[in-house]
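Engineer: Handing you a structure now.
A short reminder: the numbers here are calculations on the coordinates, not readings from a lab. These numbers were taken from a predicted model, which means no experiment stands behind them. In this analysis, Cβ positions are derived from the backbone assuming ideal geometry, glycine residues included, and neighbour counts consider all displayed protein chains.
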Amino acid sequence: MVHQATTSAPVNIACIKYWGKRDTKLILPTNSSLSVTLDQDHLRSTTTSRADPEFTKDRLWLNGNEEEIKPGSRTHTCIAELKALRKTTVEDKNSSAPKLSTYHVHISSYNNFPTAAGLASSASGFAALVSSLAALYELPVSPKDLSIIARQGSGSACRSLFGGYVAWEEGSASDGSDSYAVQVATESHWPGIHALICVVNDAKKGTSSTSGMQRTVETSALLQHRIKEVVPKRMADISKAIQEKDFDTFARITMADSNQFHAVALDTTPPIFYMNDVSRGVIAVIEEYNRAAGKIKAAYTFDAGPNAVIYAPEENLKEIIQLIVKFFPQQAEFKDPFALFGGKLEGRV
Ligand code: PMV
């Protein structure tokens, strides 16, 4: 009998950014965060896991290239946790269940978008890895439990286990048992909000989020202010804005938090620059677009890379695309300006 499962998981883009770990092994964050899980097909990881008594070791392929699973690595931790759950929740309870926890696994994962370019590939990647092993092992566990495991692969991955608007509660337990993702609102709660992804540069980023965060935690005074004074209120306010479908507040908080995240990166020693001149140009265009309209019609946000994500209600998308095309015509660095904006206007303009 073949023991194999394939699942896929989407990217999520944070409105309140996770940046900083209080425990680097368990991946416990220094602040809570909140994101939107993109529900289109364009930015997904698809992962197949197979267990076989003939396999001689656990192996992993990313986009067709084999990656070593080092002992103690995050991938190793996730696989070990899921094998242990298979044993305790399935095999120990049913003696006729195949002993998959004793077999080695082969895992193959594909991203349909650039890897490690600030497009949250680790989020969808680890979410897909964890959910494919959970499906293979037929684990009777909730998405919340899986989010605790995915978190140990890549922090932001815990949020990709849910659709819609998702918070990652930082928690306070030292074992990480209360640091997991919760759904704030389903994808259908607030239809018509779209994410326009402007791929400014799809090369691998210079400073990985892991080393960047560590440097920031060690050196930035601004991070301490952000953790204590800023994020708790923003988490409460943006959750309320989502519940009330208040785009103005949602957008203001999203832009302010992106800017503070990049300020914290700049406040790091040595400083980290994730945005480039094109990114800053996108900020200027969206700020001016909102100012001229006398209301907030779009919100930008940038992760650990130069690519822009613009959140906007559907009725504004056409205008926004026209603006981007006008101000960045033939922009050499805009390799694929409209890689995704969920919904009907899909495609290049
Ligand atoms: O989960 P990581 O280590 O890839 O970190 C993600 C950090 C940001 O994307 C910049 C912010 C976030 O909350 O997703």
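Engineer: For the peptides 43-50, 54-61, what is the packing order when you average, over each peptide's residues, the other Cβ atoms within 10 Å and list the highest mean first?
Structural biologist: Details: 43-50: 23.5, 54-61: 13.0.
Per-residue mean Cβ counts within 10 Å order the peptides as 43-50, 54-61.
Engineer: Would you calculate the volume per residue, in Å³, of the smallest convex hull containing every Cα atom of the range 129-253?
Structural biologist: On the way: hull volume 20.8 nm³, N = 125.
Dividing the Cα hull volume of the range 129-253 by its residues yields 166 Å³.
Engineer: State which entries of 17/57; 87/228; 233/326; 17/245; 21/233 exceed 29 angstrom in Cα-Cα distance in the structure shown.
Structural biologist: Over 29 Å Cα-Cα: 17/57; 87/228; 233/326.
Engineer: How many percent of DSSP beta bridges within the chain run antiparallel, rounded to 5? Display every interim value, and only then the final one.
Structural biologist: Details: 46 of 50 bridges.
Restricted to the chain, the bridges split so that about 90 percent are antiparallel.
Engineer: Something else: Take each of the peptides 298-307, 82-91, average the number of other beta-carbon atoms within 10 Å over its residues, and list them starting from the highest. Before the final figure, lay out the partial values.
Structural biologist: Working: 298-307: 25.7, 82-91: 18.2.
So the peptides 298-307, 82-91, ranked by packing, come out 298-307, 82-91.
Engineer: May I pose another question? Let me understand the chain better: what is its radius of gyration from the alpha carbons, and its Dmax, in angstrom?
Structural biologist: Rg, Dmax (Cα atoms, Å): 20.3, 68.
Engineer: Please express the Cα-Cα pair-distance distribution P(r) of the range 1-77 as a list of whole percents, one per 10 Å bin, running from 0 to the bin with the greatest distance.
Structural biologist: Taking every Cα pair in the range 1-77, the percentages come to 14, 30, 38, 16, 2.
Engineer: Kindly rank 232-243, 124-135 from highest to lowest mean number of other beta carbons found within 10 Å of each residue. Write down the numbers at each step before the final one.
Structural biologist: Numbers: 232-243: 17.2, 124-135: 27.8.
Output ranking for 232-243, 124-135: 124-135, 232-243.
Engineer: Sticking with this one: In Å, what is the Rg of the alpha-carbon atoms in the range 68-159, and how long is Dmax?
Structural biologist: Spelled out, the Cα radius of gyration and Dmax of the range 68-159 are 13.6, 46 Å.
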